[in-house]
Amino acid sequence: MKINEQITTVWQAVNGCNKLPLTVAEQRFYAALETALNQHASDARQEAAALGCLSAEHKVSGSIEMEPRELRKFLRQLVEQWNNRPLSEAEFILFGRLAEALTAFGDEVRLGHPATERRCMICNVPVSRCCC
């Protein structure tokens, strides 16, 4: 599956979340995904304009119902799949935000409340104690 098709699937799952009963942590997770996707759409348009290309609309209006667990599994696979492949700057930033949203959700579920600090994506310790 191409990267744009996978991003479209994530958009559709975020659009379809309104039909699902979500926990507070899942609501925050979906909000973080929506923010990341909106920013990606803006970044991708700017990137295309800088290259002199016509930019396509990256926001998707359709929706699919995907359980939060399925979406997290899909996102983990997506981030891992594209981890070592060439990405545009906008895609690189998007995948960083997706990975960060997954980590923040896991921390919130484990702690019972939103984490006060982000975790390093390399060593998985709070950023203030990171030595990478």
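FYI, it's all coordinate maths here, none of it is from the lab. Note that the structure is predicted; figures quoted are calculated from it, not measured. Neighbour counts run over all protein chains shown; Cβ positions are idealised from the backbone, glycine included.
Note on VAL109/ASN84: beta-carbon distance plugged into 1/(1 + (r/R0)^6) with R0 of 30 Å gives a FRET efficiency of 0.60. Ranked by the mean number of other Cβ atoms within 10 Å of their residues, highest first, the peptides 2-9, 110-117 come out as 2-9, 110-117. Shape analysis of the chain yields a ratio of the Cα radius of gyration to the Kirkwood radius, Rg/Rh, of 0.98.
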